[in-house]
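Right, one structure below, let's go through it.
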Amino acid sequence: MKIKKIILDYLNTIESWTLQEVQLYGNTVEFLDDTNQVFLFKRLSKSLELYMEYDVGREIFCGMLVNLISVCFRQQAYTYVDVLITQLQLICTSYKELFYQITAQFFEGLLKEVKGDENGMKQAKRALDILKETNHTDLAEELASLIL
């Protein structure tokens, strides 16, 4: 609990986010309460423009978004999920972000399923199949744990 408070206090003091701080947020987002998850994301998202041209910047933002989307699915915060998936898709423009593109397809399919689209689960399962076929079974299983 003390470590959580230290991290939260630190993240709340950041005015200009570095990539390492974005990564710290992404790696600890599941331990933050709902209010801080959204508040801090809104603050850090302003720095996205600074890092979009750099491969490492896009990769860190993609990883952070995947973690945040996963947390939002677990919390059934679907309003945020839709916007976050769109952001993830906009960032994933290179073949280097292929994993994140596949993951975005999974999330999009899962959200469609939640909204009642019968093709949503097919899309989500296809993304999981691609991950399994490319020897990323552990990642596929982690994502599959989000299926309701």
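The values are calculated or read from the model by the stated rules, or taken from the named source; none is laboratory data. On a predicted model such as this, the values are computed, not experimentally measured, just so you know. Virtual Cβ from ideal backbone geometry, glycine too; neighbours counted across all protein chains shown.
Worth a mention:
- In the set (1) over 24 Å from E142 (Cβ atoms); (2) assigned to a helix (DSSP H, G or I), W17 fails one condition alone, (2).
- Residue within the stretch 92-109 that is aliphatic (A, V, I, L, M) and farther than 18 Å from S70 by Cβ present: yes
- The set of residues in the stretch 83-103 that are under 11 Å from the mean Cα position of the chain (by Cα) and either at positive phi or in contact (Cβ under 8 Å) with a residue 12 or more places away in the chain (or both) comprises L84, I85, Q87, L88, Q89, Y100, T103.
- If the condition is being closer than 20 Å to T79 by Cβ and of a type outside the set (A, V, I, L, M, F, W, C), then the stretch 27-61 contributes E30, D33, D34, T35, N36, Q37, K42, R43, S45.
- Residue check, V114 β-branched (V, I, T) and under 23 Å from M52 (Cβ atoms): no
- Spans of helices (runs of 4 or more DSSP H) in the stretch 40-148 with at least 1 residues surrounded by fewer than 18 Cβ atoms within 10 Å (Cβ to Cβ) and of a type in the set (D, E): 48-51, 55-74, 78-91, 120-133, 137-144
Here is a yes/no grid of residues against (1) over 24 Å from I7 (Cα atoms); (2) at pLDDT 95 or above; (3) touching a Lys or Arg at 6+ places or on another chain (Cβ under 7 Å); (4) of a type in the set (D, E, K, R):
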| position | (1), (2), (3), (4) |
| --- | --- |
| V38 | no, no, no, no |
| Y54 | yes, no, no, no |
| A77 | no, no, no, no |
| E97 | yes, no, yes, yes |
